[in-house]
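The values are calculated or read from the model by the stated rules, or taken from the named source; none is laboratory data. A quick note: this is a predicted structure, and the numbers were derived from the prediction, not measured. Using ideal geometry, Cβ is built from the backbone for each residue, glycine included, and neighbour counts are taken over all protein chains shown. With ligands, DNA and RNA removed, areas are computed over all heavy atoms of the protein, side chains included. Shrake-Rupley method; radii C 1.70, N 1.55, O 1.52, S 1.80 Å.
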Amino acid sequence: MKEIQKYSTWVEVDLSAITNNIKQIKKEISGEVMAVVKANGYGHGAIQVAKAALAGGASWCGLARIEEALELRHARIDCPLLLFGWVPPRQIKYALLNDISLTVWDADQIKSIAKTASEYQKAARIHLKIDTGMGRLGSKPKDALQLAQIISETPELIFEGLYTHFARADEPLQPTTKKQHAILNHVLSEISSYQLRPQIIHAANSAASLTFPNASYQIVRFGIAMYGLHPSRECPLPDSYQPALQWKSVLSYVKTVPPDHGISYGHEYRTLRNERIGTIPIGYADGFRRTKGNQVLVNGKKVPVIGRVCMDQVMVQLDQVPQAKAGDEVVIIGKQDKAAISAEDLAKIWGTINYEVTCGIGARVPRIYNS
Ligand SMILES: Cc1ncc(COP(=O)(O)O)c(C=O)c1O
């Protein structure tokens, strides 16, 4: 073996890329940046990404679940945190006690938060979410004024922010974002006329931050682009952004197999002649999907994954790299010599988006950080 590897498969995260990517967006917008680190920082590691983003000038972190926000607080990350998602009523007290801002969209929910705030004698920081067209969470635009009134009149609540989320900002030529923006502005002028506008308005995700500067308001919620991943094919990142994540493994075994030898469960692949077959200790339990057409990099070349992906292992055909031997590094996402496989390439093979590729890298895959 060329070198003894410490892990079977691992992710390398370049935290300086995260810091750089935040600095890039800070050049484009005048407001603040919220680093979206939900889902374990899109698979990169929430705590480390949050620290790198704050070092680059981000001032908020955005999360989906209370557990995620508490993980940051336990790591002594003390910037403002916003939860985008629903918080089970029994968990609201933890948000209040840890100064975590909550998203609300209906009157009952607001009442229940106020009740907890009164019990714990701790004011709740509230962001009212308006559904301007995403159809997920958010009050109807026509109810926004009434909800803003309730929040403002409830002494246990601090009306900190108001926001919406765009459904199609990653299709910059599509008119939906403009329509959603207009609806948000209508809500804002209505509540402003009653002096109810909160200090912080936000709407833009990565795609909108990059292509729709009118919607940047006081904060942009910056996720996929912070990781150096393209929001979509129609909304690619400028070259100044760098991907932070590489996913690697190693050839654990290389052998020559005679003709007509079945490879892996079901023998879907059979050798045609004497073939060099490599085994890699990565499988679907690591998030490497059971899809046909997978490829990885070995000795600077793309080689095909053959046969079915197993839970912990896959096999590759090594004809193109006759020198390959046990111990050689394998790249699943990243660069090797002049060859590269991006999260977007893998997403295409898997019939999904880059978000799902990195979020799906298994919990048992260690994340190694370079800064
Ligand atoms: C409410 C909200 N804001 C912002 C983001 C960040 O989006 P993106 O990763 O496209 O920047 C997300 C992610 O899904 C989100 O749910």
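Within the set of pairs 6+ apart or on separate chains, which have a first residue in segment 107-120 that is among the hydrophobic types (A, V, I, L, M, F, W, C), a second that is surrounded by fewer than 15 Cβ atoms within 10 Å (Cβ to Cβ), and C-beta atoms under 8 Å apart?
ALA107/GLN146
Matching residues to (1) more than 25 Å from the chain's Cα centre (by Cα); (2) under 29 Å from SER206 (Cα atoms):
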{"position": "GLY85", "(1), (2)": "no, yes"}
{"position": "GLU119", "(1), (2)": "yes, no"}
{"position": "HIS127", "(1), (2)": "no, yes"}
{"position": "GLY135", "(1), (2)": "no, yes"}
{"position": "ASP143", "(1), (2)": "yes, yes"}
{"position": "ALA148", "(1), (2)": "yes, yes"}
{"position": "LEU162", "(1), (2)": "no, yes"}
{"position": "THR177", "(1), (2)": "no, yes"}
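In the set GLN242, GLN195, which member is of a type in the set (S, T, N, Q), more than 30 Å from GLN295 (Cα to Cα) and either out of contact with any Leu (no Cβ under 8 Å at 6 or more places or on another chain) or within 12 Å of the ligand (Cβ to nearest atom) (or both)? Steps first, please.
Numbers: GLN242 fails: more than 30 Å from GLN295 (Cα to Cα).
Only one candidate qualifies: GLN195.
Out of LEU188, LEU173, LEU245, which single residue is in contact with a helix residue (DSSP H, G or I) (Cβ under 8 Å, 6 or more places away or on another chain) and either under 30 Å from ALA347 (Cα atoms) or aliphatic (A, V, I, L, M) (or both)? Step through it out loud before you land on a result.
Values: LEU188 fails: in contact with a helix residue (DSSP H, G or I) (Cβ under 8 Å, 6 or more places away or on another chain); LEU173 fails: in contact with a helix residue (DSSP H, G or I) (Cβ under 8 Å, 6 or more places away or on another chain).
LEU245 is the lone residue from the list that is in contact with a helix residue (DSSP H, G or I) (Cβ under 8 Å, 6 or more places away or on another chain) and either under 30 Å from ALA347 (Cα atoms) or aliphatic (A, V, I, L, M) (or both).
Only one of LEU245, LEU272, LEU251 is among the aliphatic types (A, V, I, L, M) and open to solvent by 80 Å² or more (accessible area, probe 1.4 Å); which?
LEU272
From the list ILE66, ILE29, which residue is without any contact (Cβ under 8 Å) to a residue 60 or more places away in the chain, crowded, with 16+ Cβ neighbours inside 10 Å, more than 13 Å from MET226 (Cα to Cα) and not charged (D, E, K, R)? Show your work before the answer.
Numbers: ILE29 fails: without any contact (Cβ under 8 Å) to a residue 60 or more places away in the chain.
Within the list ILE66, ILE29, the selection yields ILE66.
Quick check: is even one residue across segment 143-163 under 19 Å from VAL220 (Cβ atoms), part of a loop (DSSP other than H, G, I, E, B) and open to solvent by less than 40 Å² (accessible area, probe 1.4 Å)?
Within segment 143-163, none of the residues are under 19 Å from VAL220 (Cβ atoms), part of a loop (DSSP other than H, G, I, E, B) and open to solvent by less than 40 Å² (accessible area, probe 1.4 Å).
When you go through (1) within 16 Å of the ligand (Cβ to nearest atom); (2) touching a residue at least 24 places away in the same chain (Cβ under 8 Å); (3) open to solvent by 60 Å² or more (accessible area, probe 1.4 Å); (4) over 28 Å from LEU72 (Cα atoms) one by one for ARG136, which number turns out not to apply?
Of the numbered conditions (1) within 16 Å of the ligand (Cβ to nearest atom); (2) touching a residue at least 24 places away in the same chain (Cβ under 8 Å); (3) open to solvent by 60 Å² or more (accessible area, probe 1.4 Å); (4) over 28 Å from LEU72 (Cα atoms), the odd one out for ARG136 is (4).
When segment 204-218 is examined, which residues are found to be within 9 Å of the ligand (Cβ to nearest atom) and over 12 Å from PRO231 (Cα atoms)? Reasoning before the result, please.
Quick first cut of segment 204-218, residues within 9 Å of the ligand (Cβ to nearest atom) only: 204-209.
Hit for segment 204-218 is ALA204, nothing else.
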